[in-house]
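Accompanying notes for the structure given below.
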Amino acid sequence: MTVKVGIMSFAHLHADSYALCLKQHPQAELVGVADHDQARAKAKALQFETQAFSSYEALLASDVQAVIICSENAKHAQLAQMAAAAGKHILCEKPLMTRLEDGKAMLAAAQGAGVHLFTAFPCRFSPAFQQMCRMVQAGVIGELLALRGTNRGSNPGGWFNDPELAGGGAMMDHTVHVADLIRVLTGQEIAQVYAETGNNMFHGRYDDTAMLTLTLQNGIFATLDSSWSRPRTFPTWGDVTLAAIGTRGIIEMDMFAQHLVHYDDRVDRIRQAFWGDNIDYLMIDEFVRVVAGEAPATLATGEDGYRAAAVAITGYESARFNMPLSILSG
């Protein structure tokens, strides 16, 4: 069975990777793309040898069975509700939403239409993270006491620096991945957050540095650096790391440690060339198989995406009031 998938917007940097994964997947067909930027839609359709639809409505009226939403963050809710109303399964780029009410509307729309709503959290598919989960859950390090995570990247620029479109800055962009990993690893919800943000790197009207302290339901605490603190000359875009501290030891996970160091005299740069598993492909593969009728196993649900985004949204309120806050539920 061939699963027909469309992409709604190429605004997000990850859209190219997802399109390539669909083109490489033996069971998937990239039927076409739609974008509020018509020039971008045509360029991406040409790049990935598919059709550029004249509108989102036209794409949803086609025979696509599922869509991947890669628009600016603030537009996720509108596009997801359109897709659900058309009966299409949805994989939505993170963060799921920029406002709690939008997330609730997305969840309600998918549930009401009887379609899947998933959140694009490919880090769940990392073999390094999955091995870490097995070791922690097997008690290798004893009782879990604390966690330390990072998702330090470079500033993507463009609309990511527009708080109205992005819902914030670095904290909105990078908190959600590790917040989700913490939930998966511990089986606990994040109950409280204390966050401090700044614009120490680029001095814009958005946060480019963010530090969070998270308290889980069972009292375990975690720290998270979700800053855009990597300069343009850094050898890679950023990182995803997580350390688990227990009564009998520590496990440290560096998700992208499988890389070669490339000294490139042509551009006078040293780069890290990653050679490990393609976690985007692993996520897209499960999404395609679920649309084809299989049960989901690792994919993050819309509810997972909502809970992770709520951590970042609450973090902004914590930074504004300079105090720890319970996670907002909407």
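The table below lists the values:
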{"read-out": "Cβ-Cβ under 6 Å pairs, at least 6 apart or on other chains, the stretch 289-305 side surrounded by fewer than 20 Cβ atoms within 10 Å (Cβ to Cβ), far side part of a loop (DSSP other than H, G, I, E, B)", "value": "V290/P296; A292/M1"}
{"read-out": "Hits in the stretch 186-245 (condition: assigned to a loop (DSSP other than H, G, I, E, B), of a type in the set (G, A, S) and in contact (Cβ under 8 Å) with a residue 60 or more places away in the chain)", "value": "S226, S227, S229"}
{"read-out": "Within the stretch 240-271, considering residues that are surrounded by fewer than 17 Cβ atoms within 10 Å (Cβ to Cβ) and under 30 Å from Y206 (Cα atoms), the one nearest to the chain's Cα centre (by Cα)", "value": "D254"}
{"read-out": "Pairs where the first residue, in the stretch 48-66, is among the β-branched types (V, I, T) and the second is open to solvent by 40 Å² or more (accessible area, probe 1.4 Å), C-beta under 8 Å, 6+ apart", "value": "V64/K4"}
{"read-out": "Pick from the stretch 320-330, criterion assigned to a loop (DSSP other than H, G, I, E, B) and either among the hydroxyl-bearing types (S, T, Y) or closer than 19 Å to S227 by Cβ (or both), ranking: least open to solvent (accessible area, probe 1.4 Å)", "value": "S329"}
{"read-out": "Filter result (of a type in the set (D, E, K, R) and either under 10 Å from the mean Cα position of the chain (by Cα) or farther than 15 Å from L214 by Cα (or both)) within the stretch 158-184", "value": "D162, E164, D173, D180"}
{"read-out": "Candidates E294, E317, filtered to the one that is assigned to a helix (DSSP H, G or I), out of contact with any Cys (no Cβ under 9 Å at 6 or more places or on another chain) and among the acidic types (D, E)", "value": "E317"}
{"read-out": "For L216: the one exception among (1) open to solvent by 10 Å² or more (accessible area, probe 1.4 Å); (2) out of contact with any Gly (no Cβ under 9 Å at 6 or more places or on another chain); (3) not β-branched (V, I, T)", "value": "(1)"}
{"read-out": "Which numbered condition Y316 misses (of (1) surrounded by 13 or more Cβ atoms within 10 Å (Cβ to Cβ); (2) farther than 30 Å from H116 by Cα; (3) touching an Asp or Glu at 6+ places or on another chain (Cβ under 9 Å))", "value": "(2)"}
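Quick grid of which residues meet (1) open to solvent by 20 Å² or more (accessible area, probe 1.4 Å); (2) in contact with a strand residue (DSSP E or B) (Cβ under 6 Å, 6 or more places away or on another chain):
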position: R134; (1), (2): yes, no
position: F160; (1), (2): no, no
position: A170; (1), (2): no, yes
position: D173; (1), (2): no, no
position: V178; (1), (2): no, yes
position: R183; (1), (2): yes, no
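The values are calculated or read from the model by the stated rules, or taken from the named source; none is laboratory data. All figures in this text were calculated on a predicted structure; none of them were measured in a lab. With ideal geometry, Cβ positions are generated from the backbone for all residues, glycine too; neighbour counts draw on all protein chains shown. To get the accessible areas, we keep the full protein, side chains included, count just its heavy atoms, and leave off ligands, DNA and RNA. Shrake-Rupley method; radii C 1.70, N 1.55, O 1.52, S 1.80 Å.
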